[in-house]
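For reference, the structure discussed in these notes is given below.
The values are calculated or read from the model by the stated rules, or taken from the named source; none is laboratory data. Just so it is clear, the structure is predicted and the values come from calculations on it, not from any experiment. Cβ placement follows ideal geometry from the backbone for every residue including glycine, while neighbour counts extend to all protein chains displayed. What goes into the accessible areas is simple: the full protein's heavy atoms, side chains included, and nothing from ligands, DNA or RNA. Shrake-Rupley method; radii C 1.70, N 1.55, O 1.52, S 1.80 Å.
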Amino acid sequence: MSLTFHWFLPTNGDSRHVVGGGHGTPATASGRDRPPTVAYLSQIARAAEDLGFVGALTPTGAWCEDAWLTTAMVSQHTEHLKFLVAFRPGFVSPTLAAQMASTFQRQTGGRLLLNVVTGGESHEQRAYGDFLDKDDRYRRTGEFLKIVRELWDGKSVDLAGEHLRVEDAKLARLPEPVPEVYFGGSSPIAGEIAAKYVDVYLTWGEPPAQVAEKIAWIRGLAAKEGRTLRFGIRLHVITRDTSAEAWAEANRLLDGFDAETVKSVQAGLARSESEGQQRMLALHGGSRDGLEIHPNLWAGIGLVRGGAGTALVGSHEEVAERIKEYAALGIEEFVLSGYPHLEEAYWFGEGVLPRLAAEGIWRHPAGGQRPAEAQVPFAG
């Protein structure tokens, strides 16, 4: 088995400090340090491509740039990198989404992956004209994915569902290949949708014991549907030549969290309807104390950022060991990020990936090492 690694495109802005916000809260001021221009995001994407990341996650929401438009532009500055485009099915018709995905595949040479985000914040959904409650949003997601899957199979679709209705829907041109669907959710209804329709179930970076419980839960639901899913995890990463250097960087980031920002972000996240977000908040409880919740797993990011709130922190060897620990549970794909995203891609790509390659559990997707001219040591 070869593990798969994806990076992240910070379309909410980047910085040498944590860019907070998300899940219904606005991006913090640090997001203006490095604006998410196509030029800068393309620089990150090219670095990720060169280092051996398979894809790059692009977020969705009011706090960031539109994922579809941004990745379509950045794709023109890369050759092989795939784009894990986050989108909310309630904001676009399933037929149009299936058509958009098909077009994206043709124009990029098959480099689209889809991250379906149902949306856990009703107040943000209403800003976009969506007034369904959370459970109804998930039920609509199920109908949406059923329609899209059948369209991608070349079928003509008629469906009169509880929330969606289409008549004689079909695609003139099918996507090649069919995009894989990524999806996360911790509520019971989210598990049902994942089991029926998705290819990869994503979890945020909880301690291994909690991740193992989630994997067992989803595996059981998928088995009842006669399906087998892959599993991925979403984490930040701070990896350095020594453990002391990595923790010094984590503490530097923590020192940049002023009390008022933490209080404001935590108040905003507390009203989230997302069960996964509430699980993230429970890992730190809004406190700066006891943030190492498992060896080399740090919950500090979640003090100012919604969504993924934990980071792997340690020496390259320690981070590689934690990755192996998650892989032993059944995690095959790792969606990573770090501040700033350009520099941290190099720290991980040059520090951790070669160690995993030496152990035979990762190989560069290009089939070899980076080009000699690209092997420039990063001085950080």
Could you list, in sequence order, the residues of the range 219-270 that are under 22 Å from the mean Cα position of the chain (by Cα), farther than 30 Å from residue 343 by Cα and surrounded by fewer than 18 Cβ atoms within 10 Å (Cβ to Cβ)? 219, 228, 270
Where in the range 210-324 are there strands (runs of 3 or more DSSP E), lying fully within it, with 1 or more residues that are among the hydroxyl-bearing types (Ser, Thr, Tyr)? 230-240, 311-315
Within the bounds of the range 181-194, is there any residue that is assigned to a loop (DSSP other than H, G, I, E, B) and either more than 16 Å from residue 86 (Cα to Cα) or charged (D, E, K, R) (or both)? yes
Could you say which residue among 216, 172, 190 is under 25 Å from residue 7 (Cα atoms) and hydrophobic (A, V, I, L, M, F, W, C)? 190
Residue that is least open to solvent (accessible area, probe 1.4 Å) [pool: residues in the range 175-189 that are touching a helix residue (DSSP H, G or I) at 6+ places or on another chain (Cβ under 6 Å) and among the hydrophobic types (A, V, I, L, M, F, W, C)]: 183
Being crowded, with 20+ Cβ neighbours inside 10 Å, in contact with a Phe, Trp or Tyr (Cβ under 9 Å, 6 or more places away or on another chain) and in contact (Cβ under 8 Å) with a residue 60 or more places away in the chain is the filter here; which residues of the range 279-299 pass it? 280, 298
For the range 113-134, what are the residues that are of a type in the set (D, E, K, R) and either surrounded by 13 or more Cβ atoms within 10 Å (Cβ to Cβ) or under 30 Å from residue 5 (Cβ atoms) (or both)? 121, 124, 130, 134
All but one of (1) open to solvent by 30 Å² or more (accessible area, probe 1.4 Å); (2) under 24 Å from residue 200 (Cβ atoms); (3) modelled with pLDDT of 95 or more hold for residue 148; state the number of the condition that does not hold. (1)
